[in-house]
1. Residue pairs, Cβ under 8 Å, 6 or more apart or interchain, first in region 84-107 and in contact (Cβ under 8 Å) with a residue 40 or more places away in the chain and assigned to a loop (DSSP other than H, G, I, E, B), second buried (at least 19 other Cβ atoms within 10 Å of the Cβ) and polar (S, T, N, Q). List them.
2. Could you give me the residue pairs with C-beta distances under 8 Å whose first residue belongs to region 166-183 and is closer than 14 Å to P251 by Cα, whose second residue is modelled with pLDDT of 95 or more and surrounded by fewer than 21 Cβ atoms within 10 Å (Cβ to Cβ) wherever it lies, and which are 6+ apart or on separate chains?
3. Of all residues in region 108-130, how many are closer than 25 Å to V169 by Cβ, charged (D, E, K, R) and touching a residue at least 24 places away in the same chain (Cβ under 8 Å)?
4. Which is within 25 Å of D69 (Cα to Cα), in contact with a Ser or Thr (Cβ under 9 Å, 6 or more places away or on another chain) and modelled with pLDDT of 95 or more, of V199, V204?
5. Name the residues in region 11-43 that are more than 16 Å from the chain's Cα centre (by Cα), open to solvent by 10 Å² or more (accessible area, probe 1.4 Å) and closer than 29 Å to L255 by Cα, would you?
6. If I filter region 129-143 for residues that are among the charged types (D, E, K, R), at pLDDT 95 or above, out of contact with any strand residue (DSSP E or B) (no Cβ under 7 Å at 6 or more places or on another chain) and under 14 Å from A160 (Cβ atoms), do I get at least one hit?
7. List pairs: first residue in region 51-69 and within 22 Å of A219 (Cβ to Cβ) and in a loop (DSSP other than H, G, I, E, B), second residue of a type in the set (S, T, Y) and open to solvent by less than 20 Å² (accessible area, probe 1.4 Å) anywhere in the structure, Cβ distance under 9 angstrom, at least six positions apart or on different chains.
8. Could you grab me the full set of residues in region 94-109 that are buried (at least 17 other Cβ atoms within 10 Å of the Cβ) and not aromatic (F, W, Y)?
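The values are calculated or read from the model by the stated rules, or taken from the named source; none is laboratory data. All figures in this text were calculated on a predicted structure; none of them were measured in a lab. Ideal geometry is used to build each Cβ from the backbone, glycine not excepted, and the neighbour counts take in all protein chains shown. These area figures cover heavy atoms from the full protein model, side chains too; ligands, DNA and RNA do not enter into them. Shrake-Rupley method; radii C 1.70, N 1.55, O 1.52, S 1.80 Å.
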Amino acid sequence: MLEEENTFVKSHALGNDYIVVDPAKLTFPLSAQAIQRLCDRHKGIGSDGILALAPSQRGDFGLRIFNPDGSEAEKSGNGLRIFGKFLYDHGYTTKTTFTVETLGGLVEITLDVRDGAVQRIAVEIGKATFSSTEIPVVGPAREVLLEEVEVGGERLPITALSVGNPHCVVFVPELSTEDLRRLGPQLEHHPIFPHRTNVQFAKVESPRRVSILIWERGAGETLASGTSASAVVAAGVRRGYLERQAVVAMPGGELEVSVREDWTIQIIGDAQEIYQGRISREFLRAFQGG
């Protein structure tokens, strides 16, 4: 376990990096201001978000996931793999299978441990739903499949779904980073998504392989996302583009995704700890105004 006060772990999964903390070890609250400063890549530690251990009434552990803008996310596939490895590596558990409660539901994590080291992590992401009321998407109750929305003067065919957090998938013939940066934030904040949404542009390479670019809600362009990968494969299966087991290629690396007949999803991949550190008093004074 983290022993000293204000200590943290920095880890990444496919380039999606997170600061991991045990709030019981912190001398300051995780306010929006603190989160923004800690995630700042020039004036802070720098990360795509913060994973904070939390109490749970339903699971073995609880997890709160904070975006760099200070908002809170329901679920993160990469974050859950990082968190599962953190719990085992730092002595919070000796189990290799355990449950974690998130705002997006209860998740089961299974660690592949060899010679005392976590090699790969399987995460039960949850169940995909295309129901507009559950995502949510404004308008009449429906499944949001191949629905056209106007963005940036264009009409884009979207498939929207939730895997515990909201996603908007756009299948395209070719991937374009320029289009992602131009249209991603407009889709994230589109009025049909009352809670905003994560956005993926996806190119199907074969029935068992898809390449994607990701615009993450509250974080912007990211190298990888476990829930985004899950959403794209589920959308691909629903649309008849993909088989139920597929590899998702992202700028940060590849992830194995399985969508079962009942639409529950499992992802398998690794995570790596980068370093452990301690937040200095000088830094705390700077953002606390002391």
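1. G104/N165
2. Qualifying pairs under 8 Å: L175/K203; L175/S211; T177/E221; L180/E221.
3. Total satisfying the criteria: 2.
4. Just a single option satisfies the conditions, and that option is V199.
5. Result: D22, Q36, D40, R41.
6. Yes, some residue in region 129-143 is among the charged types (D, E, K, R), at pLDDT 95 or above, out of contact with any strand residue (DSSP E or B) (no Cβ under 7 Å at 6 or more places or on another chain) and under 14 Å from A160 (Cβ atoms).
7. P68/S47
8. V100, E101, T102, G104, G105, V107, E108, I109
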